[in-house]
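The values are calculated or read from the model by the stated rules, or taken from the named source; none is laboratory data. Everything quoted here is computed from the prediction, not taken from an experiment. Remember, those area values only see protein heavy atoms, side chains included, never the ligands or the DNA or RNA. Shrake-Rupley method; radii C 1.70, N 1.55, O 1.52, S 1.80 Å.
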Amino acid sequence: MTSVSLEAKPIEAYLVMSDDEIQERIRRSHDALGSKVIILGHHYQRDDVICHADVTGDSYQLSVAASRSKAEFIVFCGVHFMAESADILARSNQRVILPDLGAGCSMADMATIEQVEDAWRQLEETGILKQKVAPITYMNSSAAIKAFCGRKGGVVCTSSNATKLFEVYLREYDKIFFLPDQHLGRNTGVKFGIPLEKMVVWNPHEELGGCTPEELRSARLILWKGHCSVHGRFKPWHVDLIRKQVPDIKVLVHPECVYEVVQKSDLIGSTSFIIKTVENAPEGSKWAIGTEVNLVNRLAKRFPNKEIYLLAPDLCMCATMYRIAPQNLAWALENLVEGVVVNEIIVDEETKHYANVALERMIQLTEA
Ligand code: SF4
């Protein structure tokens, strides 16, 4: 199958088809491609897309699942950094497709490689790098930033293994330079008893990140000024309100939420932790969940005998994830049936190599 000699079907025709026709076309092309394709669906994906996924999971679980499959084509219903991670972990004969190239991640976009390299240079010039500083990046970052961490002795982490990796790096290094989610960094640092005044925030738009050399020297954590626009919508008053409205409710939130929300909650954990906690909860238990709305709604449908609420009454949807519509999926699959690869995500070999170094380090340290 090649992408050079054939012309791609234009997407416009799909935008005017009925929902039923689109769903039918996805099913037909998925069947026609058989084991040649694997469709991956992130937990935050909408229902009319995730129903076609061969595997559902969080970003890391999906990339690993893809690399272990024999499929030649990996159609990633998620966002850009996830498709990049799949390409980094994929075997050389696998090709990764993102059905809409506009599906980015606002958090990942808050740290560019140029900004990160500039910050590192400033840390070096200020003498901060005479101390042992480890760059650690959250999975939700570009391949170039993962590769930067790989080159500098750092690592990639997920929300499931951040605690384990902080434990290792805090033991061996003077400080961690954490990218790009300040909240995951802060919420994890707190677990190790690091006081808030030893965590400084690096603003990439200010000289020295807006910190003084002394603040940087005495910090244990330098937190990049990034956040998730979805999880950032949960506020401490949402926790107070739901506790007042629903007696005995437990509040369960993702660590991308702000520190003040996490402090008021009963449990904090990754997407997988949230799902497992609800699965194992007794019937009749009540949960207010602070994460993406599609996942919360799906849990509520799956467990009608448990009371499940979204922590915030307004819509907390990942708008970029939502860009992967059934129309995009039908278009990508039907082009594949015709032998045309659209929206392929390719990470260059050098970046892939160093990003893999950081990912392999993560796997080794997590399993150690
Ligand atoms: S939920 Fe937040 S961190 Fe996750 S993909 Fe969407 S914007 Fe990015």
* Listed pairs K132/K235; K198/K225; K132/K198; K130/K235 exceeding 27 Å between Cα atoms -> K132/K235; K130/K235
* HN-Hα J in Hz across the stretch 214-227 - Karplus 6.51, -1.76, 1.60, θ = phi - 60°, x for Gly and Pro -> 5, 4, 5, 5, 8, 6, 8, 10, 10, 9, 5, 7, x, 7
* Asked: Averaged per residue, what accessible area in Å² does the stretch 74-221 show with a 1.4 Å probe, protein chains only?
  -> 36
* Alpha carbon centre of the stretch 242-271 versus the stretch 309-368: separation in Å? -> 27
* Taking only C-alpha pairs under 8 Å that are 6+ residues apart, what is the relative contact order of the stretch 150-301 in percent? -> 22
* Which far-off residues, 5 or more places away or on another chain, put their amide H under 5 Å from the one on V201, with H placed in the peptide plane? -> L223
* Rounded to the nearest 500 deg cm²/dmol, what is the calculated helix-only ellipticity per residue at 222 nm for the chain, with -39500 (n - 2.57) per DSSP H run of length n ≥ 4? -> -12500 deg cm²/dmol
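Give the accessible surface of the stretch 246-365 per residue, rounded to a whole number of Å², with probe radius 1.4 Å and ligands, DNA and RNA excluded.
Working: 5080 Å² over 120 residues.
Roughly 42 Å² per residue, with all protein chains present.
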* Structure fact -> For the chain, the percent of all C-alpha pairs falling in each 20 Å bin, from 0 up to the bin holding the max distance, is 29, 55, 17, 0
* To do: Treating cross-link reach as a plain straight distance, find the lysines whose alpha-carbon is under 24 Å from the alpha-carbon of K70, omitting any fewer than eight places away in the same chain.
  => K36, K352
* To do: Report, by chain and number, residues whose modeled amide H sits under 5 Å from the one on Y309, excluding near sequence neighbours (fewer than 5 apart, same chain).
  => W287, A288, I289
* Structure fact -> Excluding ligands, DNA and RNA, the carbon-plus-sulfur percentage of the accessible area of the chain with a 1.4 Å probe reads 50
